[in-house]
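Here is the structure we will look at.
What follows is calculated from the coordinates using simple rules that are stated; it is not laboratory data. Quick caveat: nothing in here was measured; it's all calculated off a predicted structure. Heads up, the Cβs are rebuilt from the backbone with ideal geometry, glycines too, and the neighbour counts pull from every protein chain shown.
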Amino acid sequence: NEPTIWFFFSFLVSFSVQQNKNTQFYYSLILFDGHHRRPSTMTSLYTNRVAFSLVLIFTALSPNAALEVIGSGYGRTGTDTLREALNELGYKTYHMKEIVEGRLGSDAMLWHAQMENDCSDVEALRDMFEKGGWTAAVDLPASLCYERLMKAYPKAKVIHTERKSAEQWWNSASNSIMIVGTIFPYNIFYNRIPFFRTHKAMSDAMWSRVLGGKNVTVDDDDFPQAYKAEFLAAYEANNARVRKVVPRKRLLIQDHSKGWTDLCTFLNKEVPDIPYPHVNTLNDFYKFANNVAMKVAFGVTFAFAVFVLAVKKLMSLLTNNNKIKES
């Protein structure tokens, strides 16, 4: 019937409008139906408007969003501080923490593929970010794809974070994000729990990409120490390349010690009336890791307890049925 046809027609048009931002066409559809003629009756006009209003609501509630900020700095360069700052300024910021806390296995699988194909599947990345409503992306693994992302989002600005020296970065990274998978209980999680197995595969591919395609795994006995020189060189090369390939107007080298001023000026945001965040020290990192581990352990224990109770209940039912048959 007409309202149904109108609804689906409006849905298709609203999707097109959402992609093309053609708001003038939105308003024209409020008075015209799918055949581009005025409705013949007030009832028709009413049903069309109701159907189209539902489409507008659906579109408004859609989480689709475009990246406005892209981080290009490696993990352990203040990316979590940047995440906190951007969130305070109104962005929804994607970070490795989101993958781990949310157990985003599909994201980890996507990043694994991106690390191995030079971040070439840009449409898959756009789909992931836009469906999740992310408006900023910082930290590894996203920062390893910053060149692809800045081309996919030409209006997005790039924020780079770095340590005062490569050695300072190495001392932090090699004692946290590079080795967390070898520490109890993550060394067990990585071999037993599906999400963490996926995360390990992503991490292996991520560090291999950092090292220029060299095949490494985080549970190698000599990782990461055997590759220190190569990691230091890769870190320095990334800092230099960012300055080379990102246009000056799109780039901010964020110095967290300066607080809000440069960041807010660069993003055309008002300075918040709160102190600039400083988070994720090594102690903070391990507190976060321990909290995640506790939640996972509790979940596994609870699931096992439920399984045991279910088996006991099933065995009890079977025993009772056998007794009834025997009697």
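A few remarks follow.
- In this structure, the amide hydrogen of ILE253, modeled 1.01 Å from its nitrogen in the peptide plane, lies closer than 5 angstrom to those of HIS160, counting only residues at least 5 positions away or on a different chain.
- Long-range Cα-Cα pairs in the stretch 221-315 (distance over 21 Å), rounded percent: 69
- Lysines whose Cα lies under 30 Å from that of LYS214, excluding same-chain neighbours fewer than 8 positions away: LYS97, LYS151, LYS164, LYS200, LYS228, LYS244
- Interatomic Cα distance distribution for the stretch 96-246, bins of 10 angstrom, percent: 10, 40, 37, 12, 0
- Phi-based couplings in Hz for the stretch 105-115 (Karplus 6.51, -1.76, 1.60; Gly and Pro marked x): x, 5, 5, 4, 5, 5, 5, 4, 5, 5, 5
- Translational diffusion of the stretch 162-203, µm² s⁻¹ [Kirkwood Rh, Cα pairs; Stokes-Einstein; 10 °C; 1.306 mPa s]: 141
- Estimated FRET transfer efficiency when R0 is 56 angstrom, pair SER257-ASN117 (beta carbons, to 0.05): 0.90
- Peptide ranges 219-228, 266-275, 102-111 listed from the most packed, as the mean C-beta count within 10 angstrom indicates: 102-111, 219-228, 266-275
- Mean separation of Cα contacts under 8 Å, 6 or more apart, over the residue count of the stretch 132-288: relative contact order %: 26
- Alpha-carbon centroid distance for the pair the stretch 72-90 / the stretch 160-193, whole angstrom: 17
- Highest to lowest packing among 82-94, 170-182, 253-265, scored as the average C-beta count within 10 Å: 82-94, 170-182, 253-265
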